[in-house]
Each structure stands twice: as C-alpha cells, then as structure tokens.
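What follows is a short report on a single structure.
The values are calculated or read from the model by the stated rules, or taken from the named source; none is laboratory data. Everything numeric here is computed off the predicted structure, so don't read it as measured data. As a convention, Cβ positions derive from the backbone with ideal geometry for all residues, glycine included, and neighbour counts pool all protein chains shown.
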Amino acid sequence: MHTKKMFFVLSIVVIMSMLLAACGKTSTGSAADSDLVKAAKAEGSLTVIALPHDWCNYGEAISAFSAKYGITVNELNPDAGSADEIEAIKANKDNKGPQAPDVIDVGYGFGPQLIEEGLVQPYKVSTWDSIPDESKDPDGYWYGDYYGVLAFEVNSDVVTNVPQDWSDLLKPEYAGQFALSGDPRASAQAQMSVYAAALYNGGSLDDVQAGLDFFKQVNDAGNFVPVIAKQATVAKGETPIILRWDYSALADKDTLAGNPNIAVVYPKSGTIAGIYIQAISAYAPHPNAAKLWMEFLYSDEGQNIWLKGYCHPIRYNDMKEKGTLDAEAVAKLPTFDGPVAFPSIDQINAAKALIADQWMSVVGADVK
Amino acid sequence: MAETMKKRSFWSWLWIILGVLYFILPLYSTFDFSLRAKKGVLSLVSYTNVFKDPSFWKTIEFSLIIGIFTIIVSIILVAPTAYWIRLRLPQLRGMVEFISMLPFVVPAIVLVFGAIRAFSGAPFYLTNTFFGTYVLLVAMYVVLALPFVYRAIDTGLAAIDVRALTEAAQSLGASWSTILFKVIFPNLRVAIINSAFLTLATVIGEYTIASFLVGIKAFGPYMSLIGQNRTYESSSLAIISFLMTWGFMGLIQIFNRGKVDSSSLAGAR
Amino acid sequence: MSSKTDTKIVKLGDAPKARPHHSGWRDWLGVVPFFLFVALFVALPSLTLLVRAFLDEENHLTLANLAGLLKSDILNAYWVTIKISLATALGGGLLGFLMAYAITVGKLPGGVRSSLLTFSGVASNFAGVPLAFAFIATLGRTGLVTILLKTLFNLDLYKAGFSLYSFWGLTLTYIFFQFPLMILVITPALDGLRKEWSEAAANLGASSATYWRKVALPILMPSILGSMILLFGNSFGAYATAYSLTGGFINLITIVIGSQIKGDILYNPGLGYALAVGMVIVMAVMMAIYYSLRRRSERWLRQ
C-alpha cells in the first residue's frame with residue numbers, strides 16, 4: 001500500500017519536474033520570448049524612421065514583421081539622415097504619440113554620441129553572441145546591423161567601356177559622366193566615396209587628403225558632374241557612372257530591369273565597407289515592440305531578408321557556419337576578392353571632419 | 001486706338017507664349033521620360049503602376065483634405081487681420097509683414113521639431129491622438145502658407161480703397177460681419193482664390209513637416225518613397241500630381257465662376 | 001449690400017469724415033486671433049532656434065556659434081544666396097509681371113486667364129527633386145532642349161560654356177516657380193487699375209508709355225515691391241531644389257545649414273541654428289530696405 005502511494009507521488013513529482021523543465025526551456029531558449037511577444041502585441045504599434053523600402057529590402061522586413069505579429073508599423077520620414085533621426089528622438093522626448101521613433105538605424109560613427117547623449121537604451125538580442133565584437137557596443141546600447149561595399153554603378157547602355165578601377169575615372173572618355181550620390185558634407189555614402197578614393201590613391205585610413213586630391217583631379221579633368229546622382233539620373237544617362245553602396249546599385253539594377261542595363265563593378269584596387277547600426281530609443285513609447293523588432297531583425301529570418309536586399313547581414317559569418325543562410329540570396333550576392341577596408345569609428349570621425357572642412361575649397365564650384 | 005490695341009495684343013500674346021514655353025518644356029521633358037519605362041517603346045505602364053498603388057489614392061486623399069482645411073483656416077485667419085491692420089492699425093503693418101516672412105527663413109525641420117516639443121507634452125498633448133496631430137499639421141501648414149496668403153491678400157487690399165468702402169458701408173448701418181463678408185471679401189475674390197491655390201499647392205507637395213508628423217500617410221512622403229527607387233514612376237507621379245492639383249484648382253475656380261466675372265465694387269474691368 | 005435697417009437718407013455733412021484715427025484698445029482686439037496663432041505656431045516652435053543658437057554641444061551658453069557666422073566661407077554662402085535670391089526675384093518678377101499684364105490689362109480671353117492662374121498655382125510650388133529632375137531632363141547634358149539645339153541648330157550648349165549645374169542654371173530653375181508666384185500675387189493689383197485712368201490719360205494726350213511711367217507704375221509700385229520681396233524670401237529659403245540640382249556644390253546658406261542639422265556627417269545643430277538666426281537677420285535687413293522703398297512709393301498715393 002505505502003509503496004504504491006509512494007510510487008504514485010514519485011511519478012507525479014517526476015512528471016511535474018519534467019514539465020517544469022520543458023516550460024523553462026522554451027522561455028529562455030528561443031529567439032522570440034513569448035512574454036515579449038505578448039507585451040509587444042499589447043503595445044500594438046511600432047514607429048520606425050528613415051527606412052526606404054528598397055534599402056536592404058526593408059519593405060519586406062516591415063511587412064513580414066507586421067504580418068507575423070499583427071503590430072502596425074508607423075513609418076516616419078523615409079529620407080531622413082542620421083542627424084534627423086537623432087533630432088527626432090530628442091524632440092519627441094515627452095511624446096508618446098506616433099511621431100516618436102522607437103528604433104533607429106544610423107551610421108557607424110554615431111554610436112558613441114548616442115550613448116553620450118543618453119538617447120538609447122541597452123538591449124541584447126538573443127543572438128547577441130553571434131554579432132562580431134567590433135560591430136557592437138559591449139553594453140548593448142547599439143549594434144551593427146548590416147554592411148555594404150562601395151561600387152561603381154554604371155549605365156552600360158550609355159557607357160559601353162565600363163570603368164574598372166579608380167584610375168579609370170580620370171580617363172578623358174568619361175568626360176562629364178561621373179557623379180557622387182550625395183554631398184560629402186551630409187551623406188555617408190558620398191563621404192565614404194572620398195575616403196575610399198583616398199585609400200587606393202596614395203592615402204591611408206588615417207590620411208584622407210589623397211581622396212580630396214583625387215576628386216580635384218577628376219574635376220579638373222572635366223569628368224565630374226556636380227549634381228546629386230540618383231537612380232533617375234543614371235537611367236537618364238545624365239550621370240552614367242556613380243559611386244554607390246553595392247546593395248543600392250544592385251537594387252537599382254533589379255528595378256530598372258534592363259531599361260537601361262546597369263553594371264555593378266567593384267574598383268579593382270579595392271573599396272571600403274560601410275556599417276550601419278541599430279538602437280532602441282531611450283524614450284521609446286513602445287519599448288517591447290522595439291525589442292521584438294530587434295529580435296526579428298537579428299533572427300535568421302530577419303538577417304536573410306536583408307541578405308535578399310543584397311546587404312551583408314552582420315551575422316553573416318555565423319549563419320554561414322551554421323548553414324542558415326538563404327542559398328538563393330547568397331548566390332545572387334556578387335563576390336569580390338580585392339581589398340575591402342573597414343575603418344574604425346575614430347578613423348571615420350576624423351575623416352569626416354577633414355572632408356567636410358575641405359570639400360568646398362577642393363572641388364567646389366567657383367561662383368562669381 | 002485700334003493700333004495700340006493690336007500692338008498690345010501682340011505683346012500680350014508674346015509674353016504668354018514665352019511663359020507657357022518656360023512652363024511646358026521642363027514638364028514635357030519629365031513626361032517624355034515617364035513614357036520610357038519599357039525599353040524602346042513609349043508606354044503608359046509607369047502611369048498604370050502608380051494608379052494601381054492603393055497608397056497613392058490614400059495619401060493624395062489625405063493631403064487634399066488637409067489642404068482644404070488649411071485653406072479655410074488660412075483665409076479666415078489672415079484676410080480679416082490684413083484688412084483690420086490696413087484700416088485701424090497701420091503702425092503694425094511692418095511687423096506683421098516681417099512675421100509673415102519668417103516661415104521662409106526658419107527651416108521647416110526646426111518648425112516641426114519645435115512644434116512637437118511644444119505641443120506633445122503638457123498642457124496640449126496634441127500628438128497623442130490622431131485628431132490632435134492633424135490639427136497640429138493644419139496649423140503648421142497655415143504657417144507655411146502665411147507668406148503667400150498674406151502677400152496675396154495685402155496686394156488685393158491695396159487695389160481697393162478700404163477706408164472709403166468701410167465708411168460707406170458703416171454710414172449705411174452695416175455691422176462688422178456684413179462689411180467683412182459682403183463688402184470686403186467680394187472685392188478680394190481674386191486675391192482669396194489665388195491664396196487658396198497657393199495654399200493647396202504648398203500642402204500637397206510638402207515633405208518635411210508631414211514626414212515627421214504623420215510619416216508616409218501624407219502625399220509628400222509617399223512621393224519621396226517612390227522617388228527613391230522607382231525612376232519612371234517618380235516622373236509619372238510628378239506629372240500626375242501636377243495634373244490632379246491643377247484639376248482641383250480648376251474646380252475651386254469653377255465653384256466661384258459665377259461671381260468672378262461680375263464687376264466688383266471697386267475693381268476695374 | 002443688404003442692411004438690417006431701412007436705408008437712411010444721408011444728407012451731405014452726415015457722412016463720417018476721413019479723420020486720423022487713434023487706435024483704441026478695442027482695435028487691438030481685432031488682431032488678437034492672428035497674434036495668438038503666431039505666438040503659438042510660429043514663435044513657440046522657432047524658440048528652439050534662438051535658444052539653441054547660443055548653446056554648444058554640452059548645453060552651455062556660448063557665443064561661438066554666432067562667431068562661426070563670421071568665417072569667410074559662411075559669409076560667402078550668405079552672399080551667394082542673396083545674389084541668387086535677387087536674380088530670381090527680379091527675373092521672375094519681371095516675367096511674371098509681363099504675363100499678369102497680358103491677362104489683365106492686355107485683355108486676353110478669360111479662358112487664358114483662368115487656366116494661367118490655376119496653372120500658376122501648381123507651378124509656384126513645383127520645386128525640389130521633381131523640378132531639379134525636370135530641368136536636368138531639359139537642359140542637362142542629355143536634356144531634351146540640349147539635344148534639340150545640337151541636332152537642329154548645331155549648337156552645343158555645354159561646349160559653349162553653359163552648364164545647368166551652375167549659378168545661372170540654378171537661377172533658371174528657380175525662376176520656374178518664381179514667375180507663377182508673381183503672376184498670382186500681382187494680378188489683383190493689375191485688376192485694380194481702372195480703365196478710366198488710362199482713358200483719361202489718353203484724352204489728355206499721353207502716350208501709352210507716359211501713362212505707364214507716370215500713372216500706372218507709380219500706383220502699382222508698392223504692390224510690385226511687396227511681391228518682389230516675397231519672391232526674394234521664397235528663393236532665400238529654398239533648399240530642396242538647390243540640393244538636388246547642385247549637390248551642395250553651390251555654397252548656399254540653406255545647404256550649409258542643412259549639412260549641420262540633417263544628414264549623416266556633420267552634426268553641430270548649435271552652429272546650424274546660429275546660421276538660421278543669421279538668415280533672419282538678413283531677411284530683416286532686406287525688409288528694412290523694402291520698407292523705405294515702399295514708403296517712398298506710397299507717398300505718391302497718400303491723399
């Protein structure tokens with residue numbers, strides 16, 4: 001009698017502990033915490049800023065996230081620069097409405113400033129350890145999301161002899177055909193273009209002057225068009241050769257679908273990589289939705305969505321080892337075996353200062 | 001006299017034609033480009049792509065409605081004020097003109113962030129509800145349109161003898177609202193309608209303020225989103241928005257057609 | 001006109017005389033709504049501008065931002081912006097005036113008038129990226145007109161030294177939205193020119209030119225000046241068109257401000273706001289000049 005009872009009780013205890021162990025496992029192990037999902041759904045919406053739909057395939061990321069969790073996504077200013085995003089956080093400190101950005105995606109050099117000014121709150125996604133150390137803040141305040149590599153985007157219907165390297169830009173056959181995709185005093189893409197030119201034309205990561213000199217040469221040769229190049233000006237043939245992040249150039253190539261034909265070429269001597277970083281606003285009105293968004297972006301699913309947009313997701317190497325990369329997307333990603341520079345935050349900020357200061361005097365239009 | 005008339009006609013037509021050319025050429029170039037979405041052929045596919053996009057209809061409807069409210073608030077705010085200043089407080093004219101020029105020199109991004117800071121917390125809490133946000137949006141647009149509306153109405157007032165009209169009406173026993181709505185406004189009809197045009201155009205295309213207050217719900221941010229990566233659609237969108245705004249203004253014009261041609265009290269013709 | 005009471009028979013001498021008016025407190029009531037609105041929606045949001053112009057990155061009071069205004073490249077930026085605003089105000093003002101003349105005094109058919117007015121409404125705000133692209137598509141190296149001139153008249157604009165991406169190219173582009181603005185604003189004033197005046201002048205033997213020089217233009221001058229200052233301000237504050245068309249290569253003050261408070265690179269909002277305060281000062285100076293000009297022109301009109 002006693003043994004039967006004891007056996008019964010023991011079985012219950014064993015079963016209970018097994019159940020508890022099983023529950024415990026799911027609540028700490030997987031990428032999306034069910035508590036987090038519940039809290040995020042209760043908040044109901046997420047406000048993002050500066051996310052064009054064709055930039056790294058953010059359009060798909062937003063709709064996939066929204067569909068998966070039923071959370072509405074408010075999209076503010078898709079054209080915002082990093083400074084706009086920071087100003088938006090500051091201006092909306094007391095605002096719990098849909099104008100306050102929950103999450104931001106800014107340039108690599110802005111990391112320290114975000115922490116200094118108390119604009120972001122720390123959060124470590126469940127895949128935190130697979131993010132390379134140089135690309136994240138150790139305390140979790142910001143973390144790299146993806147990177148791209150600078151390339152020539154060429155309208156190959158207009159420019160039949162596609163330039164292959166930096167020195168080609170000086171050739172007389174390209175008169176009036178080359179432009180930057182931004183103002184180096186305001187656009188990360190344009191600034192990195194000058195930085196990259198420095199690296200492979202006599203400068204180094206700590207000496208950017210050569211980049212300024214190079215562009216002066218291009219300008220003096222009459223090859224430079226002082227306009228901000230976009231997909232439209234490339235397609236029109238007005239600026240058939242531009243410097244762009246490879247993911248943007250490849251996206252352009254897809255959108256234009258042969259009308260005109262676009263060639264994406266990495267300069268042979270080498271190029272530069274640009275990292276962007278994610279962070280959650282310290283004043284986010286929907287902190288749980290923000291955290292869930294991060295979990296989504298840093299999950300295999302989210303990283304593969306970026307990969308489809310031709311961006312290198314930050315967990316690329318980790319996923320490659322684990323074999324979780326989307327094979328189709330990887331196949332579409334162009335390979336480049338030449339040197340790719342990854343400047344540090346300090347190097348970027350030093351380069352910024354010099355380029356912004358000198359740009360007008362070196363290349364500026366002489367206005368009478 | 002007939003000679004002068006003919007000469008005048010010639011010059012008038014000449015200037016109009018020159019002006020129309022100036023307008024048409026850039027628009028035609030955009031139009032031509034928008035037809036080339038299919039390689040080698042001219043096609044309207046970039047237009048059908050825009051019309052098929054539900055966001056296009058939602059955002060243009062949103063901005064048109066905001067535009068209408070902005071027109072109403074602008075005119076109700078500015079016209080009586082400009083009239084009153086001319087009539088009773090001429091010493092304020094300089095200050096009000098200067099204020100009306102401020103929206104040109106204060107960057108829109110400063111205005112929108114300043115407005116968010118000022119009105120999102122206590123005691124207004126405007127941004128916590130959609131209605132409040134739209135109120136703030138209309139207010140900011142009235143500010144943006146202020147330079148144009150004030151100048152148009154002030155020019156209209158300059159062309160009529162405000163004092164004489166007012167005193168004549170007063171001597172016949174008219175109340176202030178009668179004077180304003182039945183004497184002054186009818187004489188300002190052209191100025192008011194032109195202000196309405198300027199306001200509507202300002203609202204429909206506006207980007208910065210809308211992008212931070214309501215994001216891609218408004219037409220300006222929607223155009224920017226398309227413009228970033230859809231070359232041909234962005235050109236056709238520019239043409240479409242031009243034509244639709246023109247059409248809407250034509251409606252406003254027709255709505256007032258009956259009284260445009262009738263002689264106003266102090267206007268000529 | 002309707003009135004609530006029966007029309008009184010007004011005897012001569014009953015009519016209120018034109019008399020200098022002393023503003024009582026009740027007069028000020030009339031402008032309260034406007035000033036309240038301005039205080040709330042113009043002054044309050046702009047306050048950040050003034051305050052942050054005097055703060056540095058650690059939020060301490062400083063005059064360093066304002067001192068930054070005196071650097072030569074900044075002063076140059078103000079000067080270039082003033083130049084382009086003057087050029088487009090005058091150019092756009094003239095073209096707009098002539099077109100407005102054509103549809104008012106010039107007596108073109110009513111259909112032309114109403115289509116021009118509505119078209120001007122839209123065109124006056126066609127600016128920014130679409131306008132820049134429209135002009136690139138017209139006068140750029142591969143532009144429609146450029147190619148037309150090359151094929152029809154063998155004239156290569158760019159070889160001849162023209163470039164859309166220059167001061168004059170930008171001026172041409174700005175004028176696209178300046179002259180319709182002028183048309184809309186000056187039309188009511190031209191409508192106000194009474195036929196009787198030109199007929200009286202003709203009866204007295206004045207030629208059309210004399211009539212314009214001595215009667216019409218003096219009457220219109222305050223309105224013309226007012227419209228030109230509007231065009232000036234419109235151009236002075238323009239940003240998106242210039243940025244898209246010249247990529248920041250022409251040193252306009254709005255672009256310099258933009259690179260400090262927007263974008264990915266620099267971020268010195270204190271300096272940016274100080275620059276904007278500088279713009280307010282320039283605008284104030286231009287308005288002072290405009291007032292003195294207008295006062296002189298209105299002297300003629302005062303009875």
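If the condition is being in a loop (DSSP other than H, G, I, E, B) and charged (D, E, K, R), then region C:182-208 contributes only C:ARG194. Scanning region C:120-137 for residues that are assigned to a helix (DSSP H, G or I) and more than 7 Å from every other protein chain (Cβ to nearest Cβ) yields C:SER120, C:LEU131, C:ALA132.
Scanning region B:176-209 for residues that are within 24 Å of C:SER120 (Cα to Cα) and of a type in the set (D, E, K, R) yields B:ARG189, B:GLU206. Scanning region B:67-125 for residues that are in contact (Cβ under 8 Å) with a residue 60 or more places away in the chain, closer than 23 Å to C:GLY278 by Cβ and among the aromatic types (Phe, Trp, Tyr) turns up just one, B:PHE113. Residue check: B:VAL203 meets all listed conditions (1) more than 8 Å from chain C (Cβ to nearest Cβ); (2) closer than 26 Å to A:LYS236 by Cβ but one, namely (2).
Can you find even one residue in region A:204-213 that is crowded, with 24+ Cβ neighbours inside 10 Å and either assigned to a helix (DSSP H, G or I) or not β-branched (Val, Ile, Thr) (or both)? Among the residues of region A:204-213, at least one is crowded, with 24+ Cβ neighbours inside 10 Å and either assigned to a helix (DSSP H, G or I) or not β-branched (Val, Ile, Thr) (or both), which makes the answer yes.
Tallying residues that are facing another protein chain (nearest Cβ under 7 Å) and either surrounded by 22 or more Cβ atoms within 10 Å (Cβ to Cβ) or touching a strand residue (DSSP E or B) at 6+ places or on another chain (Cβ under 9 Å) (or both) within region A:72-85 yields 9.
Listed conditions (1) in a helix (DSSP H, G or I); (2) within 15 Å of the chain's Cα centre (by Cα) are all met by C:TYR211, apart from (2). Take region C:216-240 and flag every residue that is surrounded by 24 or more Cβ atoms within 10 Å (Cβ to Cβ) and under 23 Å from A:GLU87 (Cα atoms). Correct list: C:ALA238 only.
Between B:ALA174, B:ALA164, the distinction of being small (Gly, Ala, Ser), touching a helix residue (DSSP H, G or I) at 6+ places or on another chain (Cβ under 9 Å) and modelled with pLDDT of 85 or more belongs to B:ALA174 only. Candidates are the residues of region B:121-143 that are crowded, with 24+ Cβ neighbours inside 10 Å and farther than 11 Å from B:LEU213 by Cα; the one that is farthest from the other protein chains (Cβ to nearest Cβ) is B:TYR141. Could you check C:LEU266 against (1) part of a helix (DSSP H, G or I); (2) modelled with pLDDT under 85; (3) of a type outside the set (Val, Ile, Thr) and say which number it fails? Every listed condition holds for C:LEU266 apart from (1).
Quick grid of which residues meet (1) part of a helix (DSSP H, G or I); (2) on the phi > 0 side of the Ramachandran plot; (3) buried (at least 21 other Cβ atoms within 10 Å of the Cβ):
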| position | (1), (2), (3) |
| --- | --- |
| A:PHE110 | yes, no, yes |
| A:PHE152 | no, no, yes |
| A:VAL159 | no, no, no |
| A:GLN164 | no, no, no |
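Take the residues in region B:82-91 that are within 7 Å of chain C (Cβ to nearest Cβ) and assigned to a helix (DSSP H, G or I), then tell me which one is surrounded by the fewest Cβ atoms within 10 Å (Cβ to Cβ). Checking each candidate, the answer is B:TRP84. If we keep just the residues of region A:257-280 that are within 14 Å of chain B (Cβ to nearest Cβ) and either in contact with a helix residue (DSSP H, G or I) (Cβ under 6 Å, 6 or more places away or on another chain) or in contact (Cβ under 8 Å) with a residue 40 or more places away in the chain (or both), which is farthest from A:ASN161 (Cα to Cα)? In this case the residue turns out to be A:PRO260. Considering the conditions (1) at the interface with another protein chain (Cβ under 8 Å from one of its Cβ atoms); (2) in contact with a Leu (Cβ under 7 Å, 6 or more places away or on another chain), C:ALA242 is excluded by exactly one of them, (1). Evaluation of A:ASN95 against the conditions (1) farther than 25 Å from A:MET192 by Cα; (2) assigned to a helix (DSSP H, G or I); (3) within 14 Å of chain B (Cβ to nearest Cβ) shows that the sole unmet condition is (2). Among the residues examined, C:PHE249 does not qualify as part of a helix (DSSP H, G or I) and within 30 Å of B:THR208 (Cβ to Cβ). Within region C:138-154, the set of residues being more than 7 Å from every other protein chain (Cβ to nearest Cβ) and over 22 Å from C:ALA240 (Cβ atoms) comprises C:THR146, C:ILE147, C:LEU148, C:LEU149, C:LYS150, C:THR151, C:LEU152, C:PHE153, C:ASN154. Considering every residue within region B:63-80, establish whether at least one is buried (at least 21 other Cβ atoms within 10 Å of the Cβ), farther than 19 Å from A:ASN74 by Cβ and facing chain C (nearest Cβ under 8 Å). Looking through region B:63-80, at least one residue is buried (at least 21 other Cβ atoms within 10 Å of the Cβ), farther than 19 Å from A:ASN74 by Cβ and facing chain C (nearest Cβ under 8 Å).
Among the residues that make up region A:175-191, is at least one of them among the aliphatic types (A, V, I, L, M) and part of a helix (DSSP H, G or I)? Taking every residue of region A:175-191 in turn, at least one turns out to be among the aliphatic types (A, V, I, L, M) and part of a helix (DSSP H, G or I). When we screen C:THR104, C:THR62, C:THR81, C:THR118 for residues that are hydroxyl-bearing (Ser, Thr, Tyr) and under 21 Å from C:TYR239 (Cα atoms), the only hit is C:THR81. Residues in region B:26-41 that are within 14 Å of chain C (Cβ to nearest Cβ) and either hydrophobic (A, V, I, L, M, F, W, C) or touching a residue at least 60 places away in the same chain (Cβ under 8 Å) (or both): B:LEU27, B:THR30, B:PHE31, B:PHE33, B:SER34, B:LEU35, B:ARG36. Once region A:231-252 is narrowed to residues that are more than 8 Å from every other protein chain (Cβ to nearest Cβ) and closer than 28 Å to C:TRP168 by Cβ, the residue that is surrounded by the most Cβ atoms within 10 Å (Cβ to Cβ) is A:THR239. Counting only helices (runs of 4 or more DSSP H) that fall entirely inside region B:159-246 and contain at least 3 residues that are surrounded by fewer than 19 Cβ atoms within 10 Å (Cβ to Cβ), the qualifying elements are B:162-171. Among the residues that make up region B:116-125, is at least one of them aliphatic (A, V, I, L, M) and under 20 Å from the mean Cα position of the chain (by Cα)? Within region B:116-125, not a single residue is aliphatic (A, V, I, L, M) and under 20 Å from the mean Cα position of the chain (by Cα).
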